[in-house]
Amino acid sequence: MSLPSALRERLRRVRHVALDMDGTTYRGKTLFDFTNSTLALFTELGVTHSFLTNNCSKSVADYVISLQRMSIKADASQIYTSAQATMEYLRAEHPSVRRLFLVGTPSL
């Protein structure tokens, strides 16, 4: 990806980028044309990245598979879902809760 040198230098100072998935990285099951070149640029510049989603209908493992099918290299440590955020919130704010009745998709 060709970028002006000033922009490239500004990006080099970025340590990590958190990317929304559906609508930012891809739409539905279609990868945006710029996604892989942008991810490659981040790697080239030493900028790590993670993927965020507010859709908890899939597990982290399912998201890894979905991204890989779209030719995005990702592992579970790079994905953070709203379900994970909810669990962290409950642990921090309601540590006495020991049982939770969860309604969701089987993958959740």
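Results, tabulated for the structure shown:
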| quantity | calculated |
| --- | --- |
| Gap separating the Cα centres of region 1-53 and region 80-97, nearest whole Å | 28 |
| Theoretical ellipticity at 222 nm over the chain - DSSP helices of four or more residues, -39500 (n - 2.57) apiece, nearest 500 | -11000 deg cm²/dmol |
| Label zone at ALA40 (point 7 Å along Cα-to-Cβ), backbone N below 18 Å, region 60-89 | 68-74 |
| Degrees, to the nearest 10: 35-45 long Cα axis against longest axis of the chain | 70 |
| Solvent exposure of the chain as accessible area per residue, Å², 1.4 Å probe | 71 |
| Förster-model FRET efficiency, 22 Å R0, LYS73 and VAL47, C-beta, rounded to 0.05 | 0.90 |
| Net lengthening on full extension, PHE32/VAL97 (0.36 nm per residue, minus Cα-Cα) | 19.3 nm |
| Helix 82-93 axis, angle to the chain major axis (alpha carbon atoms, nearest 10°) | 60 |
| Crossing angle, helix 60-69 versus the chain [Cα axis fit, 0-90 degrees, rounded to tens] | 30 |
| Carbon and sulfur %, accessible surface of the chain computed with the full protein complex present, 1.4 Å | 56 |
| Beta bridges by DSSP in the chain, antiparallel share as percent, to the nearest 5 | 20 |
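The values are calculated or read from the model by the stated rules, or taken from the named source; none is laboratory data. What you see is a predicted model, and the numbers here were worked out from it, not measured in a lab. Virtual Cβ from ideal backbone geometry, glycine too; neighbours counted across all protein chains shown. Remember, those area values only see protein heavy atoms, side chains included, never the ligands or the DNA or RNA. Shrake-Rupley method; radii C 1.70, N 1.55, O 1.52, S 1.80 Å.
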